[in-house]
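I have placed the structure first, in the form of structure tokens, so that the comments after it can refer back to it.
Read-outs throughout are calculated quantities, based only on the coordinates presented, and are distinct from any laboratory measurement. Note that the structure is predicted; figures quoted are calculated from it, not measured. Cβ sites come from the backbone with ideal geometry, for glycine too, and all protein chains shown count toward neighbours.
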Amino acid sequence: MTPDELLARYHALETKTLPNGRHYTVKRGLRGYPLHPGVALILARADLRAETLLDASGSGGLVALVAEAEEKVVLEPSKTALRCASATFAAAPFSGDAKVTVAAGAPWDAGAGNFDLAVLAPPTDRGSARVQAELVGAKQALRQGGRALIVMHKDQGAKRYEKLAADLFGDLTVEARDGGWRLICATKTHADVAPQETTPFKAAGLTLRAEPGVFAAGKLDPGSSRLLDAVPLEAFGGAHLLDLGCGYGLLALKASLAGAEVTALDDDLLAVRSTHDNARRYGADVRVLHSDVDSELQDEHFDTILMNPPFHVGKQVVMDVPKAFLAAAHTRLREGGTLILVANRALPYERDLMSFTSWETLAQDAQFKVLRAVR
Ligand code: SAH
């Protein structure tokens, strides 16, 4: 498969059908693709009847599609999931007169006291700060007496988070269990609590902030550190540069401060917000896009692309996204343009670099390698 074909396959929307005949859209890169087992438990076992529903489950709108509610709001921090949800509701011959809103957002963007049901499948792999923020946000979105349905896995801290949810909400019951997944119902009886502030941290000589759960929030990722050691970004002064999967924006900001004209993008809305804020605080002119790989780029090409590709979606090693990153680098570089990538040493990216004119290993140690490829 050529890089262009691989990228087209990555971006393809797939229509699936629920047992009750309703159609929905998924695509590669969606968390749990094709169907997250925690979401499957919600669909099978949860009581999804409510007047006003907040679907913050990250399921690409699937929970909202199945729920019986008069008003449904789907908030997706992942652009991939947002693309799925938008396609699902654009295509759905929708039952009843339910008013459905689909938008990019986190649970805490839903406003205060508007909902009587909120559904979460917190991304426990993004750490406890993110889970806590989602619980606090969902609680705030609920009216007093409203329910939160939350699904988590027992091997990913479910018991600990259930205790946290009980303390926050006031009342908690276990609704269903399946294959290690636990569905709980928390009823809001306690008053709202303030969300946690993000704390500044130092990374590669900069003072930065990151929203909860953003990749490497609060620290410098060792891979990104290797990339900065191996490549003096000053070399890219004046270059039209893309930071593909920017996280809180470290590489983008460094490149911008070194004089590059930078576009940064990430699937995670919280990464996008973090990069935007970090750039603003340094007065750096970085263009930041909420994008599923290159989905939001115009017909444009770059001189340089930097990446530290993700290879985990949850606990599984899923190579769809990093393969799409490499294919996009090939597609989005001008001829003669340069890709710089850092990766875990064990990952076989060299095969994907065969489509480039040349490539070399710039640096490697026991854990990481930094590769450079020329288009
Ligand atoms: N460049 C940053 C972060 C690297 S981690 C740093 O060096 O610190 C990889 C990033 O890719 C994560 O922020 C993750 O949210 C993002 N990502 C994952 N899937 C993506 C997709 N489909 N499209 C764009 N970005 C994605």
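General remarks:
- Neighbourhood net charge (10 Å Cβ-Cβ; Lys/Arg +1, Asp/Glu -1) for residue 214: +1
- Taking the average, over residues, of other Cβ atoms within 10 Å as the packing measure, peptides 52-61, 2-11 rank 52-61, 2-11 from highest down.
- Rg and Dmax of the stretch 80-210, both derived from C-alpha coordinates alone, stand at 16.6, 56 Å.
- Interatomic Cα distance distribution for the stretch 140-289, bins of 5 angstrom, percent: 2, 9, 15, 15, 13, 10, 10, 10, 8, 5, 3, 0
- Per the Debye formula on identical point scatterers at the alpha carbon atoms of the stretch 138-200, with no solvent, log10 I(q)/I(0) at q = 0.19, 0.24, 0.25, 0.28 Å⁻¹ is -0.71, -0.97, -1.02, -1.15.
- Separation of the alpha carbons by more than 26 angstrom is noted, of 139/159; 16/79; 188/219; 99/323; 254/369; 79/219, for 188/219; 99/323.
- Among 42, 340, the ranking by other beta carbons within 10 Å of each residue's beta carbon, starting with the fewest, stands as 340, 42.
- For the chain, a Kirkwood radius taken over Cα pairs fed into Stokes-Einstein (4 °C, viscosity 1.567 mPa s) yields D = 60 µm²/s.
- Helical mean residue ellipticity (222 nm; -39500 (n - 2.57) per DSSP H run of 4+; nearest 500) of the chain: -8500 deg cm²/dmol
- The modelled label-to-label distance for the pair residue 350/residue 112, using points 7 Å beyond Cα in the direction of Cβ, is 5.8 nm.
- As a proxy for reagent exposure, ranking 185, 84, 246 by other Cβ atoms within 10 Å from fewest up yields 185, 84, 246.
- The charge dipole of the stretch 317-368, taken about its Cα centre with unit charges on the Cβ of Lys, Arg, Asp and Glu (plus for the first two, minus for the last two), comes to roughly 120 debye.
- Cα lying deepest toward the dipole's positive end in the chain, options 91, 173, 42, charges on Cβ: 173
- By the Stokes-Einstein formula, at 0.890 mPa s and 25 °C, the stretch 12-146 with its Kirkwood radius over alpha-carbon pairs has D equal to 167 µm²/s.
- Extent along principal axes [Cα atoms of the stretch 214-283; Å; largest to smallest]: 29, 24, 20
- Fewest-first ranking of 115, 356, using other Cβ atoms within 10 Å as the exposure measure: 356, 115
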